[in-house]
Amino acid sequence: MNKFLAIIPTYNEKKSLPAVIDSILKHDGFDVLVVDDASPDGTAQVVKEVMSKSNRVSILERPAKLGLGSAYVTGFKWGLELDYDYFIEIDADGSHNPEALPWFVKEMERGYDLVIGSRYIAGKISVVGWDFRRLLLSKFGNLYASRILGLRLTDLTSGFRCYSRQALKAIDLDRIYSNGYAFQIEMAYLVTRAGFEVGEMPIIFYERNSGSSKMSKKIVREAAILPWRLRMREIKDFVGKIFLKRKYAKEISG
């Protein structure tokens, strides 16, 4: 039986997290890893109370608020060492419905290495609780990034997704440099460029139950710049490969 690891990055998620964990544990084959960035509200203690009742829940405590992307990378590395087969990204704030987890299983079993839970499939908008401005920003941001990177995906920024073990092992996790919502764009791009099958499935996204949105001008700016940085890195890598081939050819001929 395949082993699924649901990774939940947390910062002050004490109120909403227990219900999310309980909903995940209802599904056989799913374990939970919480990556907590020193939440001052006592999130880690709440997780430890859950751990005392279930051996399917674990926690990694980090010394400070280090960001979404690095939290997921930390969780991926932990799960790879423990031989998990699939890795789910899921929020702690109730935005992602754990009842969709079996759908991810079915899609991964069809042969995908990354399945993204999309809010925008078939021209529909499946978001509850957002105002028009935020919807417009999200839609435009996804279109912008997908066009620049040449990806035929509708929701590059979605944080509800599932990766295969093979895909995560194939990309260099230490080379990832984005840390906000741009992290999701970068991961989808890297998995696609590595030659793996990437698909989307429809989900309904709910505005967070508690706390405030993590969106900021800095995060938006990072997401806007990232596609161009990835393109430049691709060109640099391509030129580097050509240089090495020519150098090798000269050494052979000489």
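The values are calculated or read from the model by the stated rules, or taken from the named source; none is laboratory data. These numbers come from a predicted model, not from an experiment. Here the Cβ positions follow ideal geometry from the backbone for every residue, glycine too, while neighbour counts run over all protein chains shown.
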Among the residues in segment 47-57, are any surrounded by 21 or more Cβ atoms within 10 Å (Cβ to Cβ), hydrophobic (A, V, I, L, M, F, W, C), in contact (Cβ under 8 Å) with a residue 24 or more places away in the chain and over 18 Å from Tyr86 (Cβ atoms)? yes
For segment 87-97, enumerate the residues that are of a type outside the set (Phe, Trp, Tyr) and either assigned to a strand (DSSP E or B) or free of Cβ contacts under 8 Å to residues at least 24 places away in the same chain (or both). Ile88, Glu89
Quick one: would you say Ser178 is of a type outside the set (Val, Ile, Thr), assigned to a helix (DSSP H, G or I), under 17 Å from the mean Cα position of the chain (by Cα) and over 21 Å from Asp85 (Cα atoms)? no
Hey, could you check segment 109-127 for residues that are aliphatic (A, V, I, L, M) and surrounded by 11 or more Cβ atoms within 10 Å (Cβ to Cβ) and say which is farthest from Leu153 (Cα to Cα)? Val127
Given the conditions (1) closer than 18 Å to Tyr206 by Cα; (2) surrounded by fewer than 16 Cβ atoms within 10 Å (Cβ to Cβ), and given that Ser138 satisfies all but one, which numbered condition is not satisfied? (2)
When the residues of segment 172-189 are narrowed to those that are aliphatic (A, V, I, L, M) and modelled with pLDDT under 95, which ends up surrounded by the fewest Cβ atoms within 10 Å (Cβ to Cβ)? Ile176
Condition first: in a loop (DSSP other than H, G, I, E, B) and surrounded by fewer than 19 Cβ atoms within 10 Å (Cβ to Cβ). Now tell me which residues in segment 197-208 satisfy that. Glu197, Ile204, Glu207, Arg208
Residue list for segment 35-46, filter: surrounded by 16 or more Cβ atoms within 10 Å (Cβ to Cβ) and either in contact with a Phe, Trp or Tyr (Cβ under 7 Å, 6 or more places away or on another chain) or farther than 18 Å from Lys77 by Cβ (or both): Asp37, Ser39, Thr43, Ala44, Val46
Leading residue by the ranking (surrounded by the most Cβ atoms within 10 Å (Cβ to Cβ)) among those in segment 58-98 that are among the hydroxyl-bearing types (Ser, Thr, Tyr) and farther than 26 Å from Ile204 by Cβ: Tyr84
I'm told Asp155 meets every condition in (1) surrounded by fewer than 22 Cβ atoms within 10 Å (Cβ to Cβ); (2) under 16 Å from the mean Cα position of the chain (by Cα) except one. Can you identify the failing condition by its number? (1)
What is the number of the single condition among (1) touching a strand residue (DSSP E or B) at 6+ places or on another chain (Cβ under 6 Å); (2) in a loop (DSSP other than H, G, I, E, B); (3) within 29 Å of Val127 (Cα to Cα) that Gly75 does not meet? (2)
When you go through Val20, Val32 one by one, which is the residue that is of a type in the set (A, V, I, L, M), out of contact with any strand residue (DSSP E or B) (no Cβ under 6 Å at 6 or more places or on another chain) and either in a strand (DSSP E or B) or surrounded by 18 or more Cβ atoms within 10 Å (Cβ to Cβ) (or both)? Val20
Odd one out for Lys217 among (1) under 18 Å from the mean Cα position of the chain (by Cα); (2) at pLDDT below 70: (1)
What tally of residues in segment 58-72 results from selecting those that are in contact (Cβ under 8 Å) with a residue 60 or more places away in the chain and either touching a Phe, Trp or Tyr at 6+ places or on another chain (Cβ under 6 Å) or not in a loop (DSSP other than H, G, I, E, B) (or both)? 5
